[in-house]
Each structure stands twice: as C-alpha cells, then as structure tokens.
1. Restricting to segment 34-45, what's the tally of residues that are surrounded by 13 or more Cβ atoms within 10 Å (Cβ to Cβ) and not β-branched (Val, Ile, Thr)?
2. Residues of segment 278-289 being touching a residue at least 12 places away in the same chain (Cβ under 8 Å), among the charged types (D, E, K, R) and either touching a helix residue (DSSP H, G or I) at 6+ places or on another chain (Cβ under 6 Å) or not in a helix (DSSP H, G or I) (or both), which ones?
3. Select from segment 73-111 the residues that are in a helix (DSSP H, G or I) and within 15 Å of PHE128 (Cβ to Cβ) and list them in ascending order.
4. In this structure, is GLY15 within 16 Å of ligand 2 (Cβ to nearest atom), closer than 18 Å to LYS3 by Cα, within 24 Å of the chain's Cα centre (by Cα) and at pLDDT 95 or above?
5. Being surrounded by fewer than 18 Cβ atoms within 10 Å (Cβ to Cβ) and either among the acidic types (Asp, Glu) or assigned to a loop (DSSP other than H, G, I, E, B) (or both) is the filter here, so list the residues in segment 307-331 that pass it.
6. Can you list residue pairs whose Cβ atoms sit under 6 Å apart, with the first residue in segment 79-101 being more than 21 Å from ILE10 (Cβ to Cβ) and the second being of a type outside the set (Ser, Thr, Tyr)? Count only pairs 6 or more apart in sequence or on different chains.
7. Can you give me the number of residues within segment 46-61 that are surrounded by fewer than 10 Cβ atoms within 10 Å (Cβ to Cβ) and under 19 Å from LEU6 (Cα atoms)?
8. Is there any pair linking a residue in segment 59-71 that is more than 15 Å from GLN89 (Cα to Cα) to one that is among the small types (Gly, Ala, Ser) and within 11 Å of ligand 1 (Cβ to nearest atom), with Cβ under 8 Å and at least six apart or on different chains, and which?
Amino acid sequence: MTKRALITGITGQDGSYLAELLLEKGYEVYGIKRRASSLNTQRIDHIYQDPHVDHQRLKMYYGDLTDSSNLTRIISEIEPDEVYNLGAQSHVAVSFEAPEYTADVDAIGTLRLLEAIRFLGLERKTRFYQASTSELYGLVQEIPQNENTPFHPRSPYAVAKLYAYWMCVNYREAYGMYACNGILFNHESPRRGETFVTRKITRGLSNIAMGLEPCLYMGNIDALRDWGHARDYVRMQWMMLQQDEPEDFVIATGVQHSVRQFILWAAEDLGIALRFEGKGVDEIGIVDEVSGNRAPAVSPGDVILRIDARYFRPAEVETLLGDPSKAKQKLGWVPEITAREMCAEMCAEDHKTARRHALNKEHGLELPVSLEG
Ligand code: NDP
Ligand code: GDR
C-alpha cells in the first residue's frame, strides 16, 4: 500500500526537503499551502506535478493552521498515515511583534491538527510529527541540552511551541496516539528564509561583494548556536515516525559556533578577509584584504558590517548546544554535513544569485535587493 503523508508548512525550508525525501521513498505527499497575493511555492516548484496528469503523487491543498474546519476537511479526505506539522510563524524576533498570531498558529494550530485526527477517529492510524525546537531550552539549565533538560522559553514563539510540545505528549498519553516531538536545533540551507541569521549573512555579504548593497546590519553576533543542515534533519523527522513506539528526540550536531564565526566563514568564502573593530553597537567589520574574483565591489578599508540595536531581541537565547546521543544510539542517525560545509554551499548559491542581479543591473534590468532581516 502506498503511504500517504500530509505536510503543513510544505512551502517552507524543511517542508520542501521533506517532500522531496518522501516522494523518493514512494509516498503520496499532500501539502497545505497558504493563499498569498503572489506565488509562494518557489521552494517546491521543482517537484510540482501537474494535476491534469495521471498518478500525481504531490497534491496541494489551500489551508491555514488557524482554520479548524479546513484542516478537518483536508485530513478527512486524505486519511493520512503520517502528518508532519512543520507549519509555523517560525521567526523568533517576529514573535515579539506578533505574539497573539504566533500563539494561534504555533500553539493552537497544533492542537487543531491533533484534535482533527482524534475527531475523525484516526488516532490509531495517523502518526504525528511535531516540529519542536531547541528554543524551548531558552535560558539554558545545562550544557549540552538533551531530552531531559528542563525548558525555559524566552520568546512568544518558544512559549507557543512549548504548548504544542506538551499537547503532542498529552495526545500520546491520553489517546495512545503515535505522536513525536523532534526537538530540532537550528538547521539551515540555501533554502533558508532570508531573514534568519545564516542566510542574512550569506546573502548580504554576497550582495555586498557584487556591489548591490553597501553594508550588512546585524544584532547580537556573539550568540552561540548548534547549526546543522536541513537535509540531514528532515531525514530524522521521517525516521522518528518509523519506530515501533513513539518517542521524542533531540536533533543536533553537538558542535557550537558563534554568529561572529559564521560571518568570518562567509567572508572567507567570498574572498574577503574581515576584521572586527570597536565594541557593542559601535562594532564594525572592516575589509582587510580581497582575494580572487568573487568580491569585485569591495576594497581594503571598506566598512561592510555594522551593529544595529534594532536586531537585538527583548529576551535573547545566548547559547544552544544539543546532545544528539539518543538519536545516534536508537536510530543510528548522524549528521553528514558540517556547519562549515553548509556555509560554503549557502555562499556559493547566494553569490550566484548576486552575480546574476549585478549583471542585470549592468544591463539596465535592475531588480530590487533587500537586506532587511
Ligand atoms: P519556514 O519558516 O521556512 O517555513 C514555515 C512554513 O509554515 C511555511 O511553509 C509557511 O508558509 C508555513 N506557515 C506559516 N504560517 C502558517 C499558517 N498560519 N498556516 C499554515 N502554514 C503556515 O520554517 P522551517 O522550514 O525552517 O521550519 C519548519 C518547522 O520547524 C517550523 O515549525 C519551525 O518553527 C520549526 N523549527 C525550525 C528550526 C530551524 O532551525 N529551521 C529548528 C526547530 C524547529 P509560507 O511559505 O506561506 O510562509
Ligand atoms: P533563532 O534563529 O532565533 O535561533 O531561531 P535566527 O537565525 O533568527 O537567530 C540566531 C541568532 O542570531 C542572532 N542574530 C540575528 N538573528 C537574525 N535573525 N538577524 C540578525 O540580524 C541577527 N543578528 C544576530 C539572534 O539574536 C539569535 O541569537 C531559529 C528559527 O528557525 C526557529 O524557528 C527555530 O525554532 C530555532 O532556530 C531553533
């Protein structure tokens, strides 16, 4: 029997990699996309299947995690074997500006899905994956963090995800549902949203290298994160739903770097030797040397990075470092791509795009480029 999987958040970074993986494994994949005034399916356009041909294995529904009747109808039509709840207002800084919406989507949205499964009598058939997060640890109580580390969320996003985490546990305990939390640490890729820190850096520095923008404005560059690659992490999301018993797992690399280090790597990948000077909001990044031909628009002495107080958060998560031992021992999962390799891949992709924009500009076909993040 062909397995059916429903993915909320299929148009996002993880949703796109997971959809690819499940199609490769022979699944029928159903995705929920939001109605938007312009197209928002760029990350999955390469796997799009025409609904007019036979044997279509990727099918899309319009929907929203704030809409119970919509979710219930979709689940009743599909009767999925697996539901991956990846949909979320996923930006921590934005959650301080839109806390109520974030709670509606990230917390109550998860409840709506679980309740739809139960209401339809599918709680013994449908397996449920919840996209939980290392942000639950927030103000960390121990280093590194594992499945037993206490939580202390530090943002409306993390508090909403805490509710969703416990709802998932509750439906498992109360109704015997196969429901799992993947407590995933930061994971990135060339498909990462443009306003998360890694992508903001690789895209911003690439644009600067090609003369499309003069300067990158950053927040707390001393934050420490455990960064992995999204491709490695979606493999684990699928593995978690293939066990005999449902369990929660930490997914991380076990290695930590600072935002500052990531900036230096990206600069290096673009042939820029960067030096930091000053302190706090007066800190700047100055070009020392340029090598190769990837950064024709910068010269030694240029200030290409400044700290901007607007990118600091009301409450910060200063440090995160995961302990993925359980995933390694029980599921044999090991991440294959290091943060350094991932940075190089992201720079290569963003540099290609920046070069294309620069060429367009040269030929009078200028496209808008924004570094807002
Ligand atoms: P993205 O922000 O790239 O994708 C989020 C997805 O959710 C998009 O498809 C978005 O749609 C969709 N979405 C947003 N609001 C709604 C809504 N109201 N109803 C339905 N769908 C909605 O996130 P990632 O792919 O990076 O992350 C996937 C999940 O994993 C998220 O839940 C995130 O919180 C969580 N997570 C992510 C980590 C990471 O480091 N990437 C780490 C730990 C957890 P649209 O394209 O229209 O905006
Ligand atoms: P995070 O990711 O908040 O960890 O949440 P993000 O990349 O946004 O920030 C990481 C760290 O970098 C610092 N930072 C900046 N961040 C952004 N976005 N922009 C800046 O200019 C900037 N300067 C410094 C931040 O303060 C922070 O410390 C991500 C999301 O994917 C969540 O959905 C997910 O749950 C967690 O990772 C695990």
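The values are calculated or read from the model by the stated rules, or taken from the named source; none is laboratory data. Quick caveat, the model's predicted, so the values are computed rather than measured. Here the Cβ is made from the backbone with ideal geometry for all residues, glycine too, and neighbour counts use every protein chain on show.
1. Of the residues in segment 34-45, the ones surrounded by 13 or more Cβ atoms within 10 Å (Cβ to Cβ) are 34, 40-41, 43-44.
With not β-branched (Val, Ile, Thr) added as a condition, the list becomes 34, 40, 43.
Selection size over segment 34-45: 3.
2. Once the filter is applied, which keeps residues that are touching a residue at least 12 places away in the same chain (Cβ under 8 Å), among the charged types (D, E, K, R) and either touching a helix residue (DSSP H, G or I) at 6+ places or on another chain (Cβ under 6 Å) or not in a helix (DSSP H, G or I) (or both), segment 278-289 yields GLU283, ASP288, GLU289.
3. Once the filter is applied, which keeps residues that are in a helix (DSSP H, G or I) and within 15 Å of PHE128 (Cβ to Cβ), segment 73-111 yields ILE74, ILE75, ILE78, GLY109, THR110, LEU111.
4. yes
5. Within segment 307-331, ASP308, PHE312, ARG313, PRO314, ALA315, GLU316, GLU318 meet the criteria.
6. That search, which allows pairs on different chains as well, returns ALA93/ARG313; SER95/PRO156; PHE96/PRO314; PRO99/PRO156.
7. 4
8. LYS59/GLY31; MET60/GLY31; TYR61/GLY31; ASN70/GLY63; LEU71/GLY63
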